[in-house]
Amino acid sequence: MTVFTAYIELSTKGKTDIVDLTPQVKDSLEKTEISCGTVTVFVVGSTAALTTMEYEPALESDTKRFFEKIIPESMHYAHDATWGDANGHSHLRASLLGPSLTIPFNEGKLCLGTWQQIIFIDFDNRPRKRRILLQFIGK
């Protein structure tokens, strides 16, 4: 078994900024000598999350509206009163999706559906520099 670790560095806009990570994950997979296994994609931080979806403008817009409806930025959050950073909604949104994904790959190719991409969402209320860890395990 082989383990290969890589990182993706991003500068984001915050405010539910959605970024397709699929090309970077594929590029990192090509740099490994692993043909069959899994990759764990993990975002370092508590106000961003990962998921899979079809990355296209209408779904991007729908996703932003969905999160604003279920966890509105304008609502009062105890976290905001405690820390004064006005990003309680960001933490809740990120915890709903979670910080990691595990994706299988076979014969050097990610096992994703035709319209399925690996998506990073920055829920924070300001631009951020983000680091995403990729850990490939397999043979």
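Throughout, read-outs are computed from the coordinates displayed, never taken from laboratory work. Bear in mind the structure is a predicted one, so any value in this text is a computation, not a measurement. FYI the Cβ positions are ideal-geometry reconstructions off the backbone, even for glycines, and counts take in every protein chain you see.
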*What is the Cα radius of gyration of the chain over 2.2 N^0.38 Å, N being its residue count?*
1.12
*Taking Cα atoms, how many degrees apart are the long axis of helix 88-97 and the longest axis of the chain, rounded to 10 and kept between 0 and 90?*
30 degrees
*For the chain, the longest stretch holding no GluC sites (Glu not before Pro) located in a DSSP loop with at most 14 other Cβ atoms within 10 Å is which?*
55-106
_With n ≥ 4 as the cut-off for DSSP H runs, can you work out [θ] at 222 nm for the chain, using -39500 (n - 2.57) per run divided by the number of residues, rounded to the nearest 500?_
-8500 deg cm²/dmol
*asked:* Can you tell me how the range 20-93 classifies by the Cα gyration tensor, rounded, prolate or oblate, using a/c under 1.5 as the rounded cut?
replied: oblate
_Nearest-ten-degree value, helix 57-70 long axis tilted from longest Cα axis of the chain_ = 50 degrees
*asked:* So for the range 1-137, averaging the separation of alpha carbon pairs under 8 Å that are six or more residues apart and normalising by length, what relative contact order in percent results?
replied: 55 percent
*About its Cα centre, how strong a charge dipole does the chain have in debye, to the nearest 20, once Lys and Arg get +1 and Asp and Glu get -1 at the Cβ?*
220 debye
*asked:* Under a Cβ-only charge scheme (Lys and Arg +1, Asp and Glu -1), can you give me the dipole magnitude of the range 1-53 about the Cα centre, in debye to the nearest 20?
replied: 160 debye
*Report, to the nearest 10°, how far helix 22-31 tilts away from the longest principal axis of the Cα atoms in the chain, using its own Cα long axis and a range of 0 to 90°.*
30 degrees
